[in-house]
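Taken together, the values in this text are just the output of simple stated rules run on the coordinates, not laboratory data. For clarity, every value in this text was computed on a predicted model and none was experimentally measured. Cβ: placed from backbone, ideal geometry, glycine included. Neighbour counts: every protein chain shown.
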Amino acid sequence: MRRKLAAGNWKMNGLGDALAELRALAATPAPQNTDILVCPPATLLSRASDIVKGTGVAIGGQDCHARACGAHTGDISADMLADAGARAVIIGHSERRDEHHEHDEHVRAKARAAWSSGLTAVICMGESLAEREADNTLDIIGGQLAGSIPDNATGENLVVAYEPIWAIGTGRVPTIAQIGEVHDFIRARLERRFGPGVGLSTRILYGGSVKPDNATEIFSVPNVDGALVGGASLTARDFRAIIDALSAA
């Protein structure tokens, strides 16, 4: 059985007072069948890690450099994330791929760095609206799966997050059939490449305008093991509602 996972990506949001929302989230016991991950800005990582100690909430980073150290001004290494208390890191988010011109080979190198530091890599992938309208979605996802995931993946060190770019922060959500098609495709590709052990144990998340009012329907889709949540993870009330919907699915 794959444990469910609700992951919150705060992106470039949150000053110190935002940690009150994390305290509120961590104050409520986590469901027995669901893991909770919150990825705040790097400036809050250490304080966030202190807040969640002894609770059912884990802390993650939003990106890491492929190298362990060096002359990379403004970057943060996987070792630094782990040292600050992170247990996972988001890699290959479409905003990184777009704004920072990261390609599959960069994502792959960062995943290796994350694993070397003992972090779970939450590897993101998704198609643009133009690619969706051209019926190229599965080709895009297949290429990103092949290029972004290193060979030594396991069900413990890898989480795959499908986030259609055109649904992130837009309020637009793919149909249930569209989500199911992509998640089934990802599962089959993971099984084919890594075998049933890894393929069936790796968690696949959906991300892209997940809200309390659509979470139950999204989580009813086979092979959706949880969600990577953006804006709705910034408040404990909204994120908790999504977590409860996931736990009940």
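Looking at the stretch 154-179 only, could you name the residues that are buried (at least 18 other Cβ atoms within 10 Å of the Cβ) and without any contact (Cβ under 8 Å) to a residue 60 or more places away in the chain? Walk me through it before giving the result.
Initial filter on the stretch 154-179 (buried (at least 18 other Cβ atoms within 10 Å of the Cβ)): 157-168, 173-174, 179.
Once the filter is applied, which keeps residues that are buried (at least 18 other Cβ atoms within 10 Å of the Cβ) and without any contact (Cβ under 8 Å) to a residue 60 or more places away in the chain, the stretch 154-179 yields 157, 158, 160, 162, 164, 166, 167, 173, 174, 179.
Can you run down the residue pairs with Cβ atoms below 6 Å, 6 or more apart or on separate chains, where the first is in the stretch 103-132 and among the acidic types (Asp, Glu) and the partner is buried (at least 24 other Cβ atoms within 10 Å of the Cβ) and in a loop (DSSP other than H, G, I, E, B)?
Between residues of the stretch 103-132 that are among the acidic types (Asp, Glu) and residues that are buried (at least 24 other Cβ atoms within 10 Å of the Cβ) and in a loop (DSSP other than H, G, I, E, B), the close pairs are 127/164.
Among the residues of the stretch 192-210, how many are under 16 Å from residue 162 (Cβ atoms) and without any contact (Cβ under 8 Å) to a residue 24 or more places away in the chain? Can you show your working first?
Within the stretch 192-210, the subset under 16 Å from residue 162 (Cβ atoms) is 199, 202-210.
If we keep only those that are without any contact (Cβ under 8 Å) to a residue 24 or more places away in the chain as well, we get 199.
Residues flagged as under 16 Å from residue 162 (Cβ atoms) and without any contact (Cβ under 8 Å) to a residue 24 or more places away in the chain within the stretch 192-210 amount to 1.
From 238, 225, 244, grab the single residue that is within 26 Å of residue 149 (Cα to Cα), among the charged types (D, E, K, R) and either in contact (Cβ under 8 Å) with a residue 12 or more places away in the chain or in contact with a Leu (Cβ under 7 Å, 6 or more places away or on another chain) (or both). So that I can check it myself, show each step before the final result.
Values: 238 fails: within 26 Å of residue 149 (Cα to Cα); 244 fails: within 26 Å of residue 149 (Cα to Cα).
225 is the lone residue from the list that is within 26 Å of residue 149 (Cα to Cα), among the charged types (D, E, K, R) and either in contact (Cβ under 8 Å) with a residue 12 or more places away in the chain or in contact with a Leu (Cβ under 7 Å, 6 or more places away or on another chain) (or both).
Select from the stretch 117-153 the residues that are assigned to a loop (DSSP other than H, G, I, E, B) and crowded, with 23+ Cβ neighbours inside 10 Å and list them in ascending order.
Residues of the stretch 117-153 that are assigned to a loop (DSSP other than H, G, I, E, B), as a first pass: 117-119, 126-128, 134-136, 149-153.
Those that are assigned to a loop (DSSP other than H, G, I, E, B) and crowded, with 23+ Cβ neighbours inside 10 Å: 119, 126, 127, 149.
Exactly one of these conditions fails for residue 147: (1) at negative phi; (2) in contact (Cβ under 8 Å) with a residue 60 or more places away in the chain. Give me its number.
Only one criterion is unmet by residue 147, namely (2).
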